Amino acid sequence: MIYQILSLLIWGSSFIAAKYTYEMLDAALMVEARLLIAALMVLPSCYRHFGKIPRREWKPLLCIAFINYVVVLLLQFIGLKYTSAASAITMVGLEPLLVVFVGHFVFNDKAKIYHWICGAAAFAGIGMMVLGGAEEGGAVDWFGCLLILLAGFGFAGVIRPSQQMIARIGAPAFTSASMAAAAVLCLPFSLVLAQSYEVHWSWGGVLSVLYLGVGCSWLAYLLWNKGMNKVPANVSGLLISLEPVVGVIMAVWILGEHLSAVSALGVFIVIASTFVAGWLSNRGKNA
């Protein structure tokens, strides 16, 4: 579990770093650059693992890579353009409950009554956050939040298939192959979705892209996938409740974002709902 906690702490800073890259290049191009850097990091290990992956595993692996990296990251970081980092990271905090609900309807992993109650409270908190807006440091935009919510559904949909594939082919092979494939799969979508191809070079932008590629992509996913071997999918999803806590604190501290009182209350309700759901889930398993 420590591997996934470390990866979540790194991911909690990703939206902060991304805000600095937007002054240099378009969000869609930034996602491609991030994935390309991560692909270069795993390239040496690809030679060791590609030949060991059974042919029947490649189709589901490419599907998982496309959803987990291309769809999720493009939706998240295009959505981030329109809304504040604090609101964006709060939307990511809803993912633990989305994992449970997708499991209920798609994978026959039935949700408990407290999941539904916490989910209703979390969605109410999101409504308060969007309606309350931000006092300074960027607006809270419903469209940006919607894109990030859709990304959450994509993540929730692949977490169980990812865990199953890691059990079959191993975390190192899965991580290297999926990251290398994602850089190729993302390229046409980044080119089509980019609103501008201009690059305004800056040290802050370059360092942020490198951090997103090396830290938030290669290292964080390596740690996350390593932890997937031993942590159940529901627990992995519920651990994500740690991510918005770190992200919101960093958004306020580094970017100077300040939500209105109503929005701040909404953020608290979302985070508290995921914590309560996780606590009750663990308590039920240990009973």
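The values are calculated or read from the model by the stated rules, or taken from the named source; none is laboratory data. If you're wondering where the values come from, they're calculated on a predicted model, not measured in any experiment. Neighbour counts run over all protein chains shown; Cβ positions are idealised from the backbone, glycine included. Heavy atoms of the whole protein, side chains included, go into the accessibility calculation; ligands, DNA and RNA do not. Shrake-Rupley method; radii C 1.70, N 1.55, O 1.52, S 1.80 Å.
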Original post:
Do any residues in segment 43-61 that are among the basic types (K, R) and modelled with pLDDT under 85 have Cβ atoms under 8 Å from those of residues that are part of a loop (DSSP other than H, G, I, E, B) and open to solvent by 80 Å² or more (accessible area, probe 1.4 Å), where the two are at least six apart or on different chains, and which pairs are they?
Top reply: none
Original post:
Which ones in segment 148-182 are hydrophobic (A, V, I, L, M, F, W, C) and either under 17 Å from P244 (Cα atoms) or open to solvent by 30 Å² or more (accessible area, probe 1.4 Å) (or both)?
Top reply: I148, L149, L150, A151, F153, F155, A156, A167, I169
**OP:** Collect the residues in segment 188-213 that are in a loop (DSSP other than H, G, I, E, B) and not small (G, A, S), keeping them in residue-number order.
**Re:** Q195, Y197, E198, V199, H200, W201
**OP:** Filter segment 96-114 for residues that are open to solvent by 10 Å² or more (accessible area, probe 1.4 Å) and of a type outside the set (S, T, Y) and give the result.
**Re:** F101, V102, H104, F105, V106, F107, N108, D109, K110, A111, K112, I113
Original post:
If only one of G205, G132 is under 19 Å from T21 (Cβ atoms), crowded, with 18+ Cβ neighbours inside 10 Å and either more than 20 Å from the chain's Cα centre (by Cα) or without any contact (Cβ under 8 Å) to a residue 60 or more places away in the chain (or both), which one is it?
Top reply: G205
Subject >> Number of the condition not met by E32 [criteria: (1) open to solvent by 10 Å² or more (accessible area, probe 1.4 Å); (2) more than 14 Å from I148 (Cα to Cα); (3) out of contact with any Leu (no Cβ under 7 Å at 6 or more places or on another chain)] >> reply: (3)
Original post:
Take the residues of segment 107-129 that are part of a helix (DSSP H, G or I) and free of Cβ contacts under 8 Å to residues at least 60 places away in the same chain: which is farthest from the chain's Cα centre (by Cα)?
Top reply: I113
Original post:
Checking L185 against (1) of a type in the set (A, V, I, L, M); (2) in contact with a Phe, Trp or Tyr (Cβ under 9 Å, 6 or more places away or on another chain); (3) open to solvent by 30 Å² or more (accessible area, probe 1.4 Å); (4) farther than 15 Å from R34 by Cβ, which test does it fail?
Top reply: (4)
Original post:
Would you say L147 is in contact with a Leu (Cβ under 8 Å, 6 or more places away or on another chain) and assigned to a helix (DSSP H, G or I)?
Top reply: yes
Original post:
What number of residues within segment 54-71 satisfy the criterion of being within 19 Å of A194 (Cβ to Cβ) and surrounded by fewer than 24 Cβ atoms within 10 Å (Cβ to Cβ)?
Top reply: 2
